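Taking it in order: structure first as structure tokens, then the write-up.
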Amino acid sequence: MPDHVKWMRLIVEGAKAAAAEGEEPAAAVVVQDGQIIGLGRNSRNSEKCGLGHAVLNALLDAKRNLGLRPKDVTLYCTLEPCAMCLGATIFAGINTVVYGTHDDARGAVEMFKEHSIYGDWLPELINGVLMKECEALKKLPSFKKAMVKSHTVARTDA
Ligand SMILES: [Zn+2]
């Protein structure tokens, strides 16, 4: 039985640390053979770049360890991945994605399934591990602030 809860606990703490630094509370870890090969958390504000999502950061951190066709690699993330991050997960060859809770605003899992986007390549998707803890992250002020900000930026850039 994989240690889903153990890894999710780790990134819930990582997400809280991100929130304490004024980032959106989201974190991710890439695990292979019981070892961490990549870690990431949201870095949009500190890096002033919209690509600074937790999942993408974790995948980039894992990049040199992944190789072309990685085996038995699991990505854990507190929030359902967005389209960018789920696409990157697929191209990284991640086998399983475990996430804590839905992201109603940006989550892309249902869209990818419904429209069979990269259908055969979709990793196994497991939702709801430590859901209560991950839902609580959404109530932190920096999560709400990030949501308001991203909508504001989208409007002013249009
Ligand atoms: Zn993302």
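We did not get these values from a lab; they are worked out from the coordinates using the rules stated. For clarity, every value in this text was computed on a predicted model and none was experimentally measured. With ideal geometry, Cβ positions are generated from the backbone for all residues, glycine too; neighbour counts draw on all protein chains shown.
Taking GLU135 as the residue in question, decide whether it is in a helix (DSSP H, G or I), surrounded by fewer than 22 Cβ atoms within 10 Å (Cβ to Cβ) and more than 16 Å from the ligand (Cβ to nearest atom). In short, yes. TYR76 satisfies every condition listed in (1) touching a residue at least 12 places away in the same chain (Cβ under 8 Å); (2) over 16 Å from MET131 (Cα atoms) except (2). Of all the residues that make up region 89-100, how many are in a strand (DSSP E or B) and either surrounded by 22 or more Cβ atoms within 10 Å (Cβ to Cβ) or among the hydrophobic types (A, V, I, L, M, F, W, C) (or both)? Residues that pass the stated criteria total 4. Can you pull out the residues in region 110-132 that are more than 18 Å from PHE91 (Cα to Cα) and touching a helix residue (DSSP H, G or I) at 6+ places or on another chain (Cβ under 8 Å)? Within region 110-132, ILE126, ASN127, VAL129, LEU130 meet the criteria. Only residues that are buried (at least 17 other Cβ atoms within 10 Å of the Cβ) and assigned to a helix (DSSP H, G or I) were counted in region 101-122, giving 2. Each residue in region 64-116 was checked for being more than 14 Å from the ligand (Cβ to nearest atom), over 15 Å from the mean Cα position of the chain (by Cα) and hydrophobic (A, V, I, L, M, F, W, C), and 2 of them qualify. Checking GLY38, GLY50, GLY22 one by one, the residue that is on the phi > 0 side of the Ramachandran plot and in contact with a helix residue (DSSP H, G or I) (Cβ under 8 Å, 6 or more places away or on another chain) is GLY22 and no other. Would you mind stating whether VAL129 is under 26 Å from PHE143 (Cα atoms), more than 14 Å from the ligand (Cβ to nearest atom) and out of contact with any Pro (no Cβ under 6 Å at 6 or more places or on another chain)? Yes.
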